Amino acid sequence: MPHPRYSGNEISLRGKEIYEKQLRAKIETDENIGKLISIDIETGDYEIGNDPITTADHLFAQHPDAALYGARIGYNAMYTI
């Protein structure tokens, strides 16, 4: 289901920008490499964990209408096939 305020492309672009400019240097530590991050593109709030559903649920509990971007820390893709 699409987000009511943002296109998927806009969520992706804004999420990547927040990750690169505000979070990468702080969160890409040995203990976080390979974990998942969900970022609220409006507030910059984020959650790190091993399960994307859990990290998203934590953010939705704080901001029910959040536009979330997800990524795997230290990798270019969240999953491989």
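Look at LEU68 and say whether it is crowded, with 19+ Cβ neighbours inside 10 Å, touching a strand residue (DSSP E or B) at 6+ places or on another chain (Cβ under 8 Å) and farther than 16 Å from LEU13 by Cα.
Spelling it out, it is not the case that LEU68 is crowded, with 19+ Cβ neighbours inside 10 Å, touching a strand residue (DSSP E or B) at 6+ places or on another chain (Cβ under 8 Å) and farther than 16 Å from LEU13 by Cα.
Output the residues belonging to the stretch 49-71 that are touching a residue at least 24 places away in the same chain (Cβ under 8 Å) and of a type in the set (Phe, Trp, Tyr).
Selection gives TYR69 alone.
Those residues that are open to solvent by 80 Å² or more (accessible area, probe 1.4 Å) and aliphatic (A, V, I, L, M), I need them from the stretch 25-41; list them, please.
Correct list: ALA25 only.
So which residues in the stretch 24-41 are free of Cβ contacts under 8 Å to residues at least 24 places away in the same chain and not in a loop (DSSP other than H, G, I, E, B)?
ARG24, ALA25, LYS26
For every residue, the table says whether it meets (1) modelled with pLDDT of 95 or more; (2) buried (at least 17 other Cβ atoms within 10 Å of the Cβ); (3) not in a loop (DSSP other than H, G, I, E, B).
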site: PRO2; (1), (2), (3): no, no, no
site: ARG5; (1), (2), (3): no, no, no
site: GLU17; (1), (2), (3): yes, no, yes
site: GLN22; (1), (2), (3): yes, no, yes
site: THR43; (1), (2), (3): yes, no, no
site: ALA56; (1), (2), (3): yes, yes, yes
site: PRO64; (1), (2), (3): no, no, no
site: TYR75; (1), (2), (3): no, no, no
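The values are calculated or read from the model by the stated rules, or taken from the named source; none is laboratory data. Predicted, not measured: the structure shown is a model, and the values here were computed from it. A quick note on method: Cβ atoms are made from the backbone with ideal geometry, for glycine too, and the neighbour counts reach across all protein chains shown. Heavy atoms of the whole protein, side chains included, go into the accessibility calculation; ligands, DNA and RNA do not. Shrake-Rupley method; radii C 1.70, N 1.55, O 1.52, S 1.80 Å.
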